[in-house]
1. Anything in the stretch 73-119 that is part of a helix (DSSP H, G or I) and in contact with a helix residue (DSSP H, G or I) (Cβ under 9 Å, 6 or more places away or on another chain)? List them, or say none.
2. Filter the stretch 1-19 down to the residues that are over 17 Å from residue 117 (Cβ atoms), touching a strand residue (DSSP E or B) at 6+ places or on another chain (Cβ under 7 Å) and surrounded by fewer than 15 Cβ atoms within 10 Å (Cβ to Cβ) and list them by number.
3. Just to be sure I understand, how many residues within the stretch 33-46 are under 13 Å from the mean Cα position of the chain (by Cα) and farther than 17 Å from residue 20 by Cα?
4. Would you point out the residue of the stretch 81-102, among those that are over 13 Å from the mean Cα position of the chain (by Cα) and surrounded by 12 or more Cβ atoms within 10 Å (Cβ to Cβ), that is nearest to residue 7 (Cα to Cα)?
5. For the stretch 20-45, how many residues are outside any loop (DSSP other than H, G, I, E, B), touching a helix residue (DSSP H, G or I) at 6+ places or on another chain (Cβ under 8 Å) and over 18 Å from residue 116 (Cβ atoms)?
């Protein structure tokens, strides 16, 4: 199993960043517009459409307001296994550090998924700092 670990700093207070992340049904508007083009919630699942046309179902595992951590699990192709989380840490009053960890199988897709995570984090930074 491949484990992907990415971090980025965002020039925004932790509570502001967390408010956008915890709004799991509006990530295409509040967090990663243009990268995720559509998001639909059904029960504990979120259905995403990415700018590259890829669609995926994600199970929302947890939205943890105490630890500022959101976790989910993608289901379906290209994954045989996927679980991920993003957690927000305060660097200071106006800067946050985001840590995104994803465990994926098969190992052969890890590089492509790591690139998508990088694009997602870059979009999050641009959106929240705008």
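1. Within the stretch 73-119, the subset part of a helix (DSSP H, G or I) is 107-119.
Within the stretch 73-119, no residue meets the criteria.
2. 11, the sole residue that qualifies.
3. Step one: of the stretch 33-46, the residues under 13 Å from the mean Cα position of the chain (by Cα) are 33, 35-36, 39, 46.
Subsequent filtering for residues that are farther than 17 Å from residue 20 by Cα retains none.
Residues flagged as under 13 Å from the mean Cα position of the chain (by Cα) and farther than 17 Å from residue 20 by Cα within the stretch 33-46 amount to 0.
4. First, the residues of the stretch 81-102 that are over 13 Å from the mean Cα position of the chain (by Cα): 81, 89-97.
Narrowing the set further to residues that are surrounded by 12 or more Cβ atoms within 10 Å (Cβ to Cβ) leaves 81, 89-91, 94-97.
Values: 81: 22, 89: 11, 90: 13, 91: 13, 94: 17, 95: 13, 96: 10, 97: 7 Å.
Result: 97.
5. Residues meeting the conditions: 2.
No value in this document is a laboratory result; all are computed from the given coordinates. Small disclaimer: the values here were computed from a predicted structure and weren't measured. Glycine also receives a Cβ, built like all others from the backbone with ideal geometry; neighbour counts cover every protein chain displayed.
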